[in-house]
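The values are calculated or read from the model by the stated rules, or taken from the named source; none is laboratory data. Predicted model, so just to flag it, every value in this text is computed and none were measured. Don't worry about glycine lacking a Cβ; one is built from the backbone with ideal geometry, like all the others, and counts go over all protein chains shown. Only protein heavy atoms, including side chains, enter the accessible area calculation; ligands, DNA and RNA are left aside. Shrake-Rupley method; radii C 1.70, N 1.55, O 1.52, S 1.80 Å.
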Amino acid sequence: MDLAAQTDALTMDDLRARGSWKWSTTPPGVIGAGIAEMDLPLAPCIAAAVAGTVERGITGYLPPWLAGEVARATAGWQAGYGWDVDLADVHVVPDVMDAFEHTVRHLLDPDPLVVLPTPAYMPFLTVPTALGWPLVTAPMTMGDNGYALDLDHLARVLRPGALLVLTNPQNPTGRVFTAAELHALAAVVHTAGATVFADEIHAGLVYPGHTHLPYASLSAITAGHTVTATSASKAWNVPGLACAQLIFTAEKFRARWAKTDPEVTHGASPLGAAAAIAAYTEGADHLNAVVGYLDAGRAIFAETVANSLPEATFRPPEGTYLGWLDLRQTGCDPADVAGLARVMGVDGRACGQPGHLRLNLATPHHLVREMADRLAACSRVG
Ligand SMILES: Cc1ncc(COP(=O)(O)O)c(C=O)c1O
């Protein structure tokens, strides 16, 4: 059975029986569409690599030679985007939010201002505050082509030493920023003397007509002010295996990293390393099948929700498997959707934009359709 047939065959009961976070935290009868995990099958090459690592007995700490293999595989994958990365500039860390924390703690001057375009991935709104770092949000604007970074706003708030969080592809809006947008942003960041944390965790999940461009690879200017974090975890659905990659090429970051105690970045898993290597070196065909399935799913959702809840606004994502639904014209509070429609997404308040709902569309097509159908219950409830 191919990936599409295997996914289509999954029922809600199968998914609940699996016991993933998404389904095991969703009440019975409700469709789970919250946390960003996919219901699609794992790539066989990853399953084999992880099993092989267990069989070999590498279940202790991540050995340096295996971290080196992750660096090699990561550099090989980035070369596919036209980014020539030196192996020594790829550092293995447990996950992307760890990478963010290391960037702030070890690569920048103390207590940088974190600047966050919103709506945003929820922890970027809470982690800086929890760790005592100043945070300002910069709401994105809505234009004819969807969400855009507000460069005027960013120019006003960015300053030397500030850290701009650039999530590309963007969670939750699904935007994949164009070269022109990224170059325009680079000019603003450069003028301000700020740093960019480029979160490219969703890079593999980009739909036809759009192209992922690693921000740091655009020019010497972007390379000079960027720390990139990436991972196989979203595109190949292995976040639980704990292996992400932090990449920077500017001398100033290399020098600070060299002084960092290796203990602080400790914790990536050998199983995650094996998964990342398999994904980056053997996982392209599987990823193509995943993206093809998700591409069809976003179209099903768009078509179905246009009929079931015409007052809502939905722009199919350009990348990621997240749907971002504007419910403001429906009169329905996103916090009430689970009760009303029996669909559990993420309330846009948590992303910094009330009135919206984030839905995970990486589920069998019959559930994508059912989710959109059920949203009819949100029609003009206000
Ligand atoms: C944009 C973005 N960044 C970071 C993360 C978290 O990644 P990790 O589990 O590697 O910390 C996610 C997870 O969904 C995400 O969407």
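Below, the figures for the structure above:
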{"read-out": "Failed criterion for Asp285 (all others in (1) closer than 30 Å to Pro44 by Cα; (2) touching a Leu at 6+ places or on another chain (Cβ under 9 Å); (3) open to solvent by 10 Å² or more (accessible area, probe 1.4 Å) hold)", "value": "(2)"}
{"read-out": "Which numbered condition Thr11 misses (of (1) over 22 Å from Ala278 (Cβ atoms); (2) assigned by TED's automatic domain parsing to the domain that holds Val157; (3) among the hydroxyl-bearing types (Ser, Thr, Tyr); (4) more than 16 Å from the ligand (Cβ to nearest atom))", "value": "(2)"}
{"read-out": "Residue identified as touching a strand residue (DSSP E or B) at 6+ places or on another chain (Cβ under 6 Å) and among the hydroxyl-bearing types (Ser, Thr, Tyr) among Thr313, Thr320", "value": "Thr313"}
{"read-out": "Among (1) part of a loop (DSSP other than H, G, I, E, B); (2) modelled with pLDDT under 95; (3) under 29 Å from Thr211 (Cβ atoms), the one test that His102 misses", "value": "(1)"}
{"read-out": "Close pairs (9 angstrom Cβ cut-off, 6 or more residues apart or separate chains): not assigned by TED's automatic domain parsing to the domain that holds Arg358 and hydrophobic (A, V, I, L, M, F, W, C) in the range 101-121, within 14 Å of the ligand (Cβ to nearest atom) and assigned to a loop (DSSP other than H, G, I, E, B) anywhere", "value": "Leu116/Gly352; Ala120/Gln170; Ala120/Asn171; Ala120/Pro172; Ala120/Gly352"}
{"read-out": "Residues within the range 14-27 that are within 16 Å of the ligand (Cβ to nearest atom), touching a residue at least 12 places away in the same chain (Cβ under 8 Å) and surrounded by fewer than 20 Cβ atoms within 10 Å (Cβ to Cβ), tallied", "value": "2"}
{"read-out": "Test: residue in the range 59-78 that is within 16 Å of the ligand (Cβ to nearest atom), open to solvent by less than 20 Å² (accessible area, probe 1.4 Å) and within 19 Å of the chain's Cα centre (by Cα)", "value": "yes"}
{"read-out": "Those helices (runs of 4 or more DSSP H) lying entirely in the range 245-340 with at least 2 residues without any contact (Cβ under 8 Å) to a residue 24 or more places away in the chain", "value": "251-258, 284-308"}
{"read-out": "Matching residues, the range 28-47, being open to solvent by less than 60 Å² (accessible area, probe 1.4 Å), more than 20 Å from His286 (Cβ to Cβ) and in a loop (DSSP other than H, G, I, E, B)", "value": "Gly29, Val30, Ala33, Gly34"}
{"read-out": "Selected residue (criterion: surrounded by the most Cβ atoms within 10 Å (Cβ to Cβ)) from residues of the range 176-212 that are more than 16 Å from the ligand (Cβ to nearest atom) and part of a loop (DSSP other than H, G, I, E, B)", "value": "Ala194"}
{"read-out": "Residues (open to solvent by 10 Å² or more (accessible area, probe 1.4 Å), touching a Lys or Arg at 6+ places or on another chain (Cβ under 8 Å) and farther than 15 Å from Asp326 by Cα) located in the range 337-360", "value": "Arg342"}
{"read-out": "Qualifying residue in the range 224-240 (condition: away from the ligand (no atom under 16 Å from the Cβ), surrounded by fewer than 21 Cβ atoms within 10 Å (Cβ to Cβ) and closer than 26 Å to Gly193 by Cβ)", "value": "yes"}
{"read-out": "Residues that are closer than 25 Å to Ala278 by Cβ and either away from the ligand (no atom under 16 Å from the Cβ) or not assigned by TED's automatic domain parsing to the domain that holds Trp257 (or both), drawn from the range 214-223", "value": "Ala216, Ser217"}
{"read-out": "Residue pairs meeting the criteria (Cβ under 9 Å; at least 6 apart or on separate chains; first in the same structural domain as Ala278 (by TED's automatic domain parsing), in the range 50-63; second of a type outside the set (Phe, Trp, Tyr) and open to solvent by 70 Å² or more (accessible area, probe 1.4 Å))", "value": "Val50/Leu42; Thr53/Thr59; Tyr61/His266; Leu62/His266"}
{"read-out": "In the range 127-150, the residues that are polar (S, T, N, Q) and either closer than 16 Å to Val114 by Cα or touching a Cys at 6+ places or on another chain (Cβ under 8 Å) (or both)", "value": "Thr129, Thr137"}
{"read-out": "Output for the range 160-175, where each listed residue is away from the ligand (no atom under 13 Å from the Cβ) and either in contact with a Pro (Cβ under 7 Å, 6 or more places away or on another chain) or touching a residue at least 40 places away in the same chain (Cβ under 8 Å) (or both)", "value": "Gly161, Ala162, Leu163, Leu164"}
